[in-house]
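Read through the structure below, which is laid out as structure tokens, and then see the notes.
Each reported figure results from applying straightforward, stated rules to the coordinates on display, with no laboratory input. All figures in this text were calculated on a predicted structure; none of them were measured in a lab. In this analysis, Cβ positions are derived from the backbone assuming ideal geometry, glycine residues included, and neighbour counts consider all displayed protein chains.
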Amino acid sequence: MKTAKPVTVIVPVYRGLAEVQRCLRSITRHAASSDVSFQVLVIDDASPEPELPPYLDHLASEDHRVSIAVVHNPENLGFVRTVNLGMRQSQGDVVILNSDTIVTDRWLDRLAAAAADPNVATVTPLTNFGSICTLPRSIIEAFRLDGTDPKIDECADFVSRQSIQMLPEVITGVGFCMYITREALDLCGHFDEDTFGLGYGEEVDFCLRATRVGLRHLVEDSTFVYHHGAASFGDERKARLAGASARLHERYRFFRATNMHERAHDPLRLPFTALELGLVERRADRPHVLHLLHSPPEEIGGTEKHLRVLMESLLADFDASVLYPVDHGFALRTFWNLGSDAPFEQEFLLPGAPRRVTQLHDEVAGEALTTALDMFHFDAVHIQNLLGHSLAPLEVLADFPGRVICSVRDLYLACPNHSLLYRNTQPCGVPEDLALCERCLAETRDLPLSYLTGFRATAAARLESVDRWVFASQSAADYFLRVYDVDPERIEIIPHGAVIHIDRPGREVDEGLISDEPLRLAFVGRGWAKKGLGVANELADSFADSSIEIHHFGELKDRSSPRLHAHGRFDNEMLPELLHQAGIQIVLLPGPYAETFGHVMTEALIAGLPVIGASYGALGERIRPTGAGWTIDPTDVAGIRELIENLDRCRIEVLRATRHAIAARVQSIGGTTRRYAALYRPPSLDAVSATTADSKEEVPV
Amino acid sequence: MSETEERLRRQVRAMAAVNRQLQAQLEGGGGHGWTPSAGQGNGDLLANTGTTVLGSSAAGARRAATASSWLEQLVVSDEGAKPFLVQRKNGRTYLVEGGYRREIRSGLVAAALEQKLGQRHAVKDAEFDRWTDGVPVEVLEGPQGPPFVVVGGRRLPLRGMPLPYPVSAEQLQPFPQGSELNVASANVSRAQFQQAMYGRYQVDRVRSAVARRGVVGTAKEVTSRAARRARGVGGRGSR
């Protein structure tokens, strides 16, 4: 403390016995835990309530841990003159405390500690009714501070625990409970009782005078003092406020503009936000998983849908948060179970620069992940997609103590041209001859070969950061292993669950449709070369004179044949019904791209339709063991045409494959959750059985 | 974790939450999920100045940072050459004042300014390059009063300008994205409109003259009027 002289707590009293009693009792109650030497000076300003003076005298006569002195004004002087009277009797720092307040544990210690900072004139605590120091509405409601039974001590404890202790500076303190340093009193004198004698505005005037001599005004943002509010002057309050405002404006022309600026920039916004965040704290005993995603979780893509369902399915056991790039940096979205019906979602924008993510290493992405890991405790990190994050997260996660899981959804880590199509046409299969890659990358990505080798070398050096690599198919893992040397023990194959509902009624063999109607094939997906639009166009043209029909469901990106029956964009959830309505018997997936899983094939199986797909990649891997279709070489259009013509002639083969498609087992995303839960769970919790279960883990459709 | 570390962790969270909130305000949206509430009490002395707390009005806060940087440049003296409008070959319209060319991106605003500043003059590239790029002429909105544009250092209030009402992302969900409706391109310049109307008016006059005087009489009248205009004596063509 600046002075060894005791702090004088001045409590002017006029009326409101019950409130005065509560106020003074709170002071004596918390005096025991205070290390600050202080005395209480209660000044009875000629109270009209006959019970008040005797109560004060009785209080002063009792033994307390703090000295209480009572002064009776022979006539009513008004609040300001009464305070000045108290100030004149004090020798050290003072606290002006309204009689309708209730102080809390260690209130004076904290105010005095803040006042000990250099050049401080006043310190004001937080309250439920006190101008700029008023707590946010959510906290007032949470602790019922507006009600008849306010949780004052609980609120004070909460504020002291959750405060970030910023001690924000404000242009003026607030008079309900204002700590004033002796330095300020010596330099500025007392309240201006001639101008503000009726109350209101006197503390603002005092503070502005203190500011003029170079002193500061702080808010002690870890201290809460309850203020009943507006009891002092009752109905006259409004008129007195207006009068004080006009007098202040006359004296300090800059004040309104300065006040407006302070309100707009709110120096307490950060401390208040920290307190509000404290109201929605995560339960520390629940495991917490951080997902890295390439786009906001509400986007429509398959990965986003998959993640959303995964987080919902695991919500009973795991809290989750998602880190993803946005235009102005990176955002962190919570997905926590706080006990209510819906998960608690809250978004943070992490400090950073506008996104300029390079594919190799982006500093901002690395810093964003580091910040996210600093902000909350995480037990596991699941990389859903590194697009937009670069390889920087792999470096950051090298020191992460929890588990790191990386789902390989595309082969971006193997090649920037992750469709693995040589010159965007032929499947390359990740060639060993890098001369092919040199030609391809120059044409498709305008990149030199050195970029690819540098990228792979950087990734290879950071592979150890990942504890488990998750692939949706063995073929995707095989492609990855052609480039990187990963311990097979660290590889998990978890087929994707369906992103649409799998338990649909009415999936049965329609023999009439298969045997008697023209053969109709549906090319499903985005209409462009990568997905095989060229093949579909050629087939549609070549079947112009036959009864075979080629339909397309999806957005057309390139020119299509007029013979192609285009149905346009669709909602995945509706695809099975749309295919049935169009009388489709077979789904055709002629793209040369080596699928890492093939969500459309899953949707075809849910519709009970067999599939024609590439012999390599995940489609071949899935078609062969189920018998739910036929594999092709997407570059051999003549061969595909011959297959379709044979199927047209031999409908019993179509019938056979349809039965296999209906019998094929399809997983929901929820069905995969137990495997993910096992990956996320810290080793210490491995023995604990997960409550997560999904009765519809795998459904024959 | 030490108390200090835990406090710093809370501070970073609060900063990130405030960042997101400010960003949401700039974007005119409500952010995601939780919204921090302003902490100021009602009816206190310090709030009696008629101010608007930042965040209580999403419209007022929208793009506030951008507008602030513009306003610094727009504080210019009202003296000097009168602002005027020019149009480039590519159709873009600019307000020229104090040596700056300020693009007017909204056709509605350009048309409204024509009423006050006169028609747009076509300018060649060489002339256009003499002026420096200034801040665009955009619609601003204060805590009170109608929206306005700043021209010649003065606020010109706008009347009849449709302004958006902020809605949340959740409220948007039921309405799928449709094709763009470009208000600026739909608007026709007031000057173009007058020219179009003037041309039709002339045709109508010629038709009635022919009906009254016959073709020869009308031709003589039109020829003599054109000759007067060429000599710069009276008539609509004189400048």
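The table that follows gives values for the structure above.
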item: Chain A: relative contact order as a whole-number percent, Cα under 8 Å and 6+ apart; result: 9 percent
item: Amide H within-cut-off set for residue A:330, under 5 Å, with H built and near neighbours excluded; result: A:350
item: Sorted peptide list for A:437-450, B:121-134, criterion being average Cβ within 10 angstrom, highest first; result: A:437-450, B:121-134
item: DSSP bridge orientation in chain A - percent antiparallel, rounded to nearest 5; result: 30 percent
item: Beta bridge orientation in segment A:7-278: antiparallel %, DSSP, nearest 5; result: 30 percent
item: Of A:532, A:562, A:628, farthest towards positive along the dipole that unit charges on Lys, Arg, Asp, Glu beta carbons give segment A:513-636; result: A:532
item: Potential extension, residue A:15-residue A:67 segment - 0.36 nm per residue separation minus Cα distance; result: 16.5 nm
item: Over segment B:76-164, relative contact order from alpha-carbon pairs under 8 Å, at least 6 apart, %; result: 28 percent
item: Full-extension gain in nm, residue A:144 to residue A:374, via 0.36 nm per residue minus C-alpha separation; result: 79.5 nm
item: Average beta-carbon neighbours from other chains, 10 Å sphere, peptide A:127-139; result: 4
item: Which of B:13, A:651, A:665, A:88 has the fewest Cβ neighbours within 10 Å, and the rest in rising order; result: A:88, A:665, A:651, B:13
item: Nitroxide proxy distance, nm - points 7 Å out along Cα→Cβ at residue A:547 and residue A:360; result: 6.1 nm
item: Added length on full extension, which subtracts the Cα-Cα distance from 0.36 nm per residue, residue A:501 to residue A:678; result: 61.3 nm
item: Calculated diffusion of segment A:511-667, Stokes-Einstein form, Kirkwood radius summed over Cα pairs, 4 °C and 1.567 mPa s, µm²/s; result: 86 µm²/s
item: Shielding by partners - mean other protein chain Cβ count within 10 Å, residues of A:259-268; result: 5
item: For A:596, A:181, A:258, order by how many other beta-carbon atoms lie within 10 Å, fewest first; result: A:258, A:596, A:181
item: Label zone at residue A:75, where the point sits 7 Å out along the Cα-to-Cβ direction: segment A:187-203 residues whose backbone N lies under 17 Å; result: A:194, A:197-198
item: Sorted by Cβ density within 10 Å, fewest first, the residues A:104, B:4, A:370; result: B:4, A:370, A:104
item: Dipole of segment A:288-493 [Lys/Arg +1, Asp/Glu -1 at C-beta], most positive-end residue of A:442, A:330, A:289; result: A:442
item: Segment A:288-493: mean projected area of Cα convex hull, nm²; result: 11.7 nm²
item: Segments A:412-419, A:61-68, A:198-205 sorted - mean Cβ within 10 Å per residue, highest first; result: A:198-205, A:412-419, A:61-68
item: Mean-position separation - Cα centroids, segment A:640-659 and segment A:373-435, in angstrom; result: 40 Å
item: Approximate shape of segment A:380-447 as ellipsoid semi-axes (Cα gyration tensor, √5λ), whole Å, largest first; result: 29, 11, 10
item: Tensor-based shape of segment A:216-290 (alpha-carbon gyration tensor, a/c under 1.5 rounded, otherwise prolate or oblate); result: prolate
item: Calculated SAXS-style log₁₀ I(q)/I(0) at q = 0.15, 0.22 Å⁻¹ - segment B:76-164, Debye, Cα scatterers; result: -0.55, -1.13
item: Cα pair distances of chain A binned at 20 Å [whole percent]; result: 15, 33, 22, 19, 10, 1
